[in-house]
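So the structure is just underneath, and the comments pick up after that.
The values are calculated or read from the model by the stated rules, or taken from the named source; none is laboratory data. All of these numbers come straight from a predicted model, not from anything done at the bench. Virtual Cβ from ideal backbone geometry, glycine too; neighbours counted across all protein chains shown. All accessible areas refer to the heavy atoms of the entire protein, side chains included, with ligands and DNA or RNA removed. Shrake-Rupley method; radii C 1.70, N 1.55, O 1.52, S 1.80 Å.
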Amino acid sequence: MLDGFLALYIFMLAAFTGHEIIARVPVILHTPLMSGSNFVHGIVLVGAMIALGHATTPFETSLGFLAVLLGAGNAAGGYVVTERMLEMFKPSAGKPGGKA
Amino acid sequence: MSWLPTLVKACYFLAALLFILGLKRMSSPRTARGGIVWAGVGMLLAVLATFALPDLHHRGLILAAVLIGVAAAWWSGRRVAMTAMPQMVALYNGMGGGAAAGIGAVELVAHVRRAVIAVPDTSPLRPEAWALDALHQVPAVAPLSAVALVLGVLGALIGAVSFSGSLVAFAKLQGWMDRRFVFPGQRIVNLLVLLLALVHGAMLASGDLALPVIVAFFVFALLFGLLMTLPIGGADMPVVISLYNAFTGLAVAFEGYVLGNEAMIIAGMVVGAAGTLLTQLMAKAMNRSLGNVLFGSFGAAAGGAAQEISGAQKPIEAADAAVMMAYAERVAIVPGYGMAVAQAQHKVWEFAKLLIERGVKVKFAIHPVAGRMPGHMNVLLAEAGVPYDLIEDMDDINPEFPNIDVVLVIGANDVVNPVAKTDPASPIYGMPILDVAAAKHVIVVKRGKGTGFAGIENALFYADNTRMLYGDGQAAAGQLVSELKALDT
């Protein structure tokens, strides 16, 4: 288990990092970035795997199974959707007459 | 095998690093595509590393759940239309919130079981209870500390709210649900439900981990997410989705603490902070405070009666509209979500290209919240191949409208409604709009005479310099293209 204050430092520094990353982003990237950050919190899948991995009773196991299912959906769906959006930001899209 | 946990930890560290670098790359259009790949590699690494954890049970079940979840989401994400992206983000985000709540539920229930088996009548927070617990149980995990218990409950609460709230947002944007749902005393009921969720959460956090309390806690948390989202109008949904995105991030970070997983803490917290800032930026683009979005019940309780709009809508034929624009010097096209729904962006761009060939100066004017999310319209236009230098933001083009000969409004409604500037009683009063009424002529392509997404009558449609071109966006744009071509022959 993490030491309380060490965890607090991680929380604080990560929060500043997140703030800094977004602070100077052009509006055109708001949607892809929202989708991208949606993908990043798909890391919840790892937590769900761990939770299911040490579940013992059937009740816990089914809860854990559901959590892994949802977490996997978050991660995979978030990736596909973000990737599809960003596909449109190819350099060729910036030239007139380009057909997507 | 003592190096294995270290290797897993190293993978988690790398994953966290890749997430941050990936997000950083995603914040610039040039590097954005690589950014998601970096983050994707990080995710893959973290998931594979987790499978290598030595004390992991139910590996088969885990693999099955991962495969099913990934396959379903991958399939749905691949085939969904670009216009439906916002609700898909909401759906996937809700899943993440649900997973975080699920982790909280598993940990809380496991905590109860250990406490019940070990010492039926002792508080599970007392160290001696844990000592006994260790004797009776397979020590799969260390019991929760007081801090972990509080954060676990908090994460479960936020995750559950994000889960049910995001699902409502999804249903609303998908058109499965009535756009607004209000009943008298709604705020009091909402507050009461939140209070009940908090009270049950406090009971859990203070060590009263009876199963009925856990169940009640989750029921009230889910109910609150549902009730909180129901009265919010569709136009505000992007802000709400962004908020729930930040919520899920926070929930993931808290559950990450419970599980002692640093990658979850860092990734969750980065998203929590980034999402909060993004939410504020979006709310600002609509000139509303976050509180107003959440508790203002958009369009439901506008003070006083809205001003009557006099006059009639004046129709125009596609041929006349095409001629007007063909011989204009400057044309601005204002696309809205309606254009995207009709899949008309390709036709509109074809029309614009024909105008440009004739020497007309064409610009696309984009409202910050055009589409269903900030920047959504830019994505849709980019999909059709519209170059960036023809796209103007609201602040840049608004002073230019008096010099523009013809504005073609296609599928946009609320973002060009002058009522936002003139009628204090209107629910959209104060929202910055594209000042198209200042142009010499306005042509509005519209399906019929109904009101917009926010359900508000649009004064622009009745203005003297406005002509209405009725029809489906795709069909109307096609007509304009063929009429324009006919001019040259």
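B:GLY94 versus (1) in a helix (DSSP H, G or I); (2) modelled with pLDDT under 95: which is the lone unmet condition? Here B:GLY94 clears every test but (2).
I'm trying to understand the selection: among the residues of segment B:61-117, which are open to solvent by 40 Å² or more (accessible area, probe 1.4 Å), at the interface with chain A (Cβ under 7 Å from one of its Cβ atoms) and farther than 30 Å from B:VAL150 by Cα? Hits for segment B:61-117 are B:ILE68, B:VAL70, B:ALA72, B:TRP74, B:ARG78. In segment B:431-444, the residues that are in a strand (DSSP E or B) reach residues that are open to solvent by 10 Å² or more (accessible area, probe 1.4 Å) with C-beta atoms within less than 6 angstrom, at least six apart or across chains, in these pairs: B:HIS441/B:ASN465; B:VAL442/B:ASN465; B:ILE443/B:ARG467. Before we move on, is B:LEU278 part of a helix (DSSP H, G or I) and closer than 18 Å to A:THR31 by Cβ? So B:LEU278 fits the description; yes. Being surrounded by fewer than 24 Cβ atoms within 10 Å (Cβ to Cβ), within 21 Å of B:HIS58 (Cα to Cα) and at the interface with chain B (Cβ under 7 Å from one of its Cβ atoms) is a description that does not apply to A:PHE11. Considered as a group, the residues in segment B:36-53 that are within 9 Å of B:LEU18 (Cα to Cα) and either at the interface with chain A (Cβ under 9 Å from one of its Cβ atoms) or among the hydroxyl-bearing types (Ser, Thr, Tyr) (or both) include one that is surrounded by the most Cβ atoms within 10 Å (Cβ to Cβ), and that residue is B:ALA39.
Might you let me know whether segment B:179-186 holds any residue that is at pLDDT 95 or above, open to solvent by 30 Å² or more (accessible area, probe 1.4 Å), within 25 Å of B:VAL239 (Cβ to Cβ) and not hydroxyl-bearing (Ser, Thr, Tyr)? No, every residue in segment B:179-186 fails to be at pLDDT 95 or above, open to solvent by 30 Å² or more (accessible area, probe 1.4 Å), within 25 Å of B:VAL239 (Cβ to Cβ) and not hydroxyl-bearing (Ser, Thr, Tyr). Of B:LEU230, B:LEU222, B:LEU243, all but one fail to be within 20 Å of the chain's Cα centre (by Cα), closer than 25 Å to B:ALA171 by Cα, open to solvent by 50 Å² or more (accessible area, probe 1.4 Å) and in contact (Cβ under 8 Å) with a residue 12 or more places away in the chain; the exception is B:LEU222. Between B:SER164, B:SER145, the distinction of being touching a residue at least 40 places away in the same chain (Cβ under 8 Å) and either open to solvent by 70 Å² or more (accessible area, probe 1.4 Å) or among the polar types (S, T, N, Q) (or both) belongs to B:SER164 only. Cβ-Cβ distances below 7 Å connect the following pairs, each with a first residue in segment A:15-40 that is under 18 Å from B:GLY268 (Cα atoms), a second residue that is open to solvent by 50 Å² or more (accessible area, probe 1.4 Å) and part of a helix (DSSP H, G or I), and a separation of six or more residues or different chains: A:ILE21/B:LYS24.
Residue count for segment B:1-29 under the criterion of being at the interface with another protein chain (Cβ under 8 Å from one of its Cβ atoms) and either surrounded by fewer than 16 Cβ atoms within 10 Å (Cβ to Cβ) or not aromatic (Phe, Trp, Tyr) (or both): the result is 9. Annotation: B:VAL47 fulfils all but one of (1) out of contact with any Leu (no Cβ under 9 Å at 6 or more places or on another chain); (2) over 30 Å from B:ALA340 (Cβ atoms); the unmet one is (1).
Counting only residues that are hydroxyl-bearing (Ser, Thr, Tyr) and farther than 21 Å from B:ILE158 by Cα, segment B:262-288 holds 0 of them.
Within segment B:1-38, being of a type in the set (S, T, N, Q) and in a helix (DSSP H, G or I) holds for one residue alone: B:THR6.
Go through the residues of segment A:60-73 one by one and say whether even a single one is more than 7 Å from every other protein chain (Cβ to nearest Cβ) and surrounded by fewer than 24 Cβ atoms within 10 Å (Cβ to Cβ). Scanning segment A:60-73 turns up at least one residue that is more than 7 Å from every other protein chain (Cβ to nearest Cβ) and surrounded by fewer than 24 Cβ atoms within 10 Å (Cβ to Cβ). Can you say whether B:ALA274 is surrounded by fewer than 22 Cβ atoms within 10 Å (Cβ to Cβ) and either in contact (Cβ under 8 Å) with a residue 40 or more places away in the chain or touching a His at 6+ places or on another chain (Cβ under 9 Å) (or both), as far as the supplied structure shows? Considered against the rule, which asks whether it is surrounded by fewer than 22 Cβ atoms within 10 Å (Cβ to Cβ) and either in contact (Cβ under 8 Å) with a residue 40 or more places away in the chain or touching a His at 6+ places or on another chain (Cβ under 9 Å) (or both), B:ALA274 comes out as no.
Considering B:LEU173, B:LEU209, the condition of being buried (at least 21 other Cβ atoms within 10 Å of the Cβ) and not in a helix (DSSP H, G or I) is satisfied by B:LEU209 alone.
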